[in-house]
Structures are given as C-alpha cells and as structure tokens.
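The values are calculated or read from the model by the stated rules, or taken from the named source; none is laboratory data. All values derive from a computational prediction rather than experimental measurement. FYI the Cβ positions are ideal-geometry reconstructions off the backbone, even for glycines, and counts take in every protein chain you see.
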C-alpha cells in the first residue's frame with residue numbers, strides 16, 4: 001500500500017518526498033477526465049518496476065490524497081523508502 005499526495009499538472013513527473021504522512025508525487029497530466037489517475041498509475045508502475053495492471057487505485061479517485069496498491073514491487077525508489085525512528 002502506498003499512501004500519497006498527488007500534485008497534478010506539474011512541470012515534471014517526480015517522487016518528491018514526504019508531505020505529512022504521505023509520499024508527495026508530482027505528475028504532469030491535468031486532473032481532467034481521469035487523465036491524472038491514469039498517468040499516476042502508469043508512472044508508479046514504471047518507478048516500482050511492475051506492469052500497469054499491478055497498480056490499483058484503492059482510495060481517492062477525485063482527491064489529491066490517494067491510496068495505491070502495488071502488487072509485488074520489483075524495486076523501491078529512494079524517495080519512497082520512508083523510515084520512522
């Protein structure tokens with residue numbers, strides 16, 4: 001499970017870091033007709049080394065606060081490795 005805060009219509013796609021308790025993700029797609037969600041799933045699949053079909057939007061379809069499920073990620077990007085003291 002990946003809890004994230006998404007910033008659509010950014011200048012580039014990037015995993016930014018923590019935003020409160022969530023991972024902040026910038027994506028270049030606009031939040032129109034589900035384009036941002038589709039782009040987000042494609043981007044996350046690429047970053048975690050899985051097929052697009054292995055990333056699911058669980059919660060937050062029309063919100064910036066989203067919960068994604070990534071089935072068997074092949075790699076974990078540095079920005080997504082959140083450690084707690």
Exercise for review: Give 58, 82, 76 a once-over and let me know the one that is out of contact with any helix residue (DSSP H, G or I) (no Cβ under 6 Å at 6 or more places or on another chain), at pLDDT 95 or above and either in a helix (DSSP H, G or I) or closer than 21 Å to residue 20 by Cα (or both).
Suggested key: 58
Check your understanding: Given the conditions (1) in contact with a strand residue (DSSP E or B) (Cβ under 7 Å, 6 or more places away or on another chain); (2) farther than 17 Å from residue 76 by Cα, which single one is not true for residue 33?
Key -> (1)
Check your understanding: Across region 1-46, what is the total count of residues that are touching a helix residue (DSSP H, G or I) at 6+ places or on another chain (Cβ under 6 Å) and part of a loop (DSSP other than H, G, I, E, B)?
Key -> 4
Check your understanding: Is there a residue in region 23-39 that is farther than 18 Å from residue 8 by Cβ and buried (at least 17 other Cβ atoms within 10 Å of the Cβ)?
Key -> no
